[in-house]
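None of the figures in this text is laboratory data; all of them are computed from the coordinates on show. A quick note: this is a predicted structure, and the numbers were derived from the prediction, not measured. Cβ sites come from the backbone with ideal geometry, for glycine too, and all protein chains shown count toward neighbours.
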């Protein structure tokens, strides 16, 4: 039963990784941008949600939604104002820009919020759990995180496959020049994609802040796990990213079951194994534009 | 008033001049074929009309309006659609999705999915196949259908026959009269003289960025066009 428990807890942990990684996956899938500021943005969103919940008497969920909306706006402006320009400078430029952005954001956070660790209080929800059988309980909050991750990825996928704007976004990803000939403004599409991605990372950051202690530099650790989830799942595939997050989560908890100190290491080993044996990931996109 | 009017248009790729003071007129409802050898400036001409390239001198007027300050992606809403050289199908999208993306600008008009599938029956059978898995002819039909979905007033076709088997080219050219019959003005750029003469009301021949021959298609013989095409002698 301890092993079953490890797998189940791993799946729940994987929900958090998938939630973190889906924005990264979307931005890479649509624009081929590797966003190194992804982790820093998640942590900033956690601070914003914390600040809103302390300064206002609004319910936490309202603060979270407000933070997501603010970050979606920030994402749009970030793309239109900075990353679209960087894209014209070749493949490396956006990478460097997001790296610089991450450094600036982390230092600003240290300046404003200090390096003390914080967390967003969710009261009894943090510890409440449901016992399935003896030796197997599921934390309500981790289950909620997984449900939100699956729902969010499902919604983004639905948006991409079923709506006119989603189709236009995929078309732009295939060939921005041809998309312009269809009347699609590629810069606007990129803006929307980053808005969705940064909005989703804001939600992920808030969930992270509710589940654990965070500091301004916490984003780097988070970024690695998100990257591993994206690579394990296959670049540019959102369902793949969900699978990648779950695989990473299970690898970490099962590893920790083997030897408590080896959890994270096991995650990295699985990541490296996927890179070595199936470099395109578990669910690669069938067509690369 | 012509639907499209170019006055003394120069265009260049950096130092390389591609169009030299080009004049061109297309009346509403007419089909004009622009022919010429490789490097004659045909594709440059279409790119300039679609706004992908900007003329270094001269004017492009559409429906009487100077479109110099209208960006390429906004010209679709005016009613200019380009079927680009190389077709540029969205490879990860299905045929139907490609067509639906074509309707993004939501211009009203006679063309919708059903009308396109009517004009290109081979697409109806392939509607769920993704762009990457289409043959050249299917891609070309999809590209034309995709442009029609925007219900253009002016359809620009760039080298429809390029790289396609003659029988496939014939299939695609057979759809052009259907397109013209719905009132769409067509400007087709071609290297294939036979196809150009068969569909066009009027023909304009370019040589090194300049017009060397321009006349109604019925008044022209293949030999006259060929002479102008290769610049063998002064055009009659």
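Relative contact order of the stretch A:26-173: 25 percent, from C-alpha pairs under 8 Å at least 6 residues apart in sequence.
With an 8 Å Cα cut-off and a minimum separation of 6 or more residues, compute the relative contact order for chain B in percent.
On the way: 480 pairs, mean separation 63.3, N = 236.
Normalised by residue count, the contact order of chain B is 27 percent.
Packing order of peptides B:77-88, A:241-252, highest average first: A:241-252, B:77-88 (average count of other Cβ atoms within 10 Å over each peptide's residues).
Determine, for each peptide in A:79-85, A:14-20, B:156-162, the mean count of other beta carbons within 10 angstrom over its residues, then list the peptides with the highest first. All intermediate terms of the calculation are to be shown ahead of the outcome.
On the way: A:79-85: 18.1, A:14-20: 28.9, B:156-162: 22.9.
The densest-packed peptide leads the list: A:14-20, B:156-162, A:79-85.
For the peptides B:65-72, B:127-134, the ranking by packing is B:127-134, B:65-72, with the highest mean count of neighbouring Cβ atoms within 10 Å listed first.
Under the definition of partner shielding as Cβ atoms of other protein chains within 10 Å of a residue Cβ, what is the mean value for peptide A:172-178?
Working: counts 2, 3, 10, 7, 0, 4, 11.
Taking all residues of A:172-178 together, the mean is 5.
Take each residue of peptide B:100-112, count the partner chain Cβ atoms within 10 Å of its Cβ, and average: the result is 3.
With an 8 Å cut-off on Cα pairs and a minimum separation of 6 or more residues, tell me the relative contact order of chain A in percent.
Values: 517 pairs, mean separation 107.5, N = 289.
Reported as a whole number, the value is 37 percent.
Each stretch of four or more DSSP H residues adds -39500 (n - 2.57); spread over every residue of the protein assembly as shown, this sum gives -17500 deg cm²/dmol at 222 nm.
Hey, what angle do you get for helix B:136-148 against the long axis of chain B, alpha-carbon based, 0 to 90 degrees rounded to 10? On a 0 to 90 degree scale, this one is about 90. Reducing the stretch B:133-185 and the stretch A:24-83 to their Cα centroids gives an inter-centroid distance of 45 Å. Each part gets one Cα centre, and for the stretch B:47-84 versus the stretch A:159-185 those centres are 21 Å apart. Using only alpha-carbon positions in the protein assembly as shown, the gyration tensor eigenvalues give semi-axes of 56, 23, 19 Å once each is multiplied by 5 and square-rooted (largest first). Any idea what angle helix A:140-162 forms with the longest principal axis of chain A, computed on alpha-carbon atoms, 0 to 90 degrees, nearest 10? In chain A, helix A:140-162 runs at an angle near 20 degrees to the longest axis. Counting Cβ atoms of other protein chains within 10 Å of each residue's Cβ and taking the mean over peptide B:83-95 gives 4. Taking Cα atoms only, the orientation of helix A:238-258 departs from the longest principal axis of chain A by about 30 degrees. Per the Kirkwood formula applied to alpha carbons, chain B shows a radius of gyration over Rh ratio, Rg over Rh, of 0.95.
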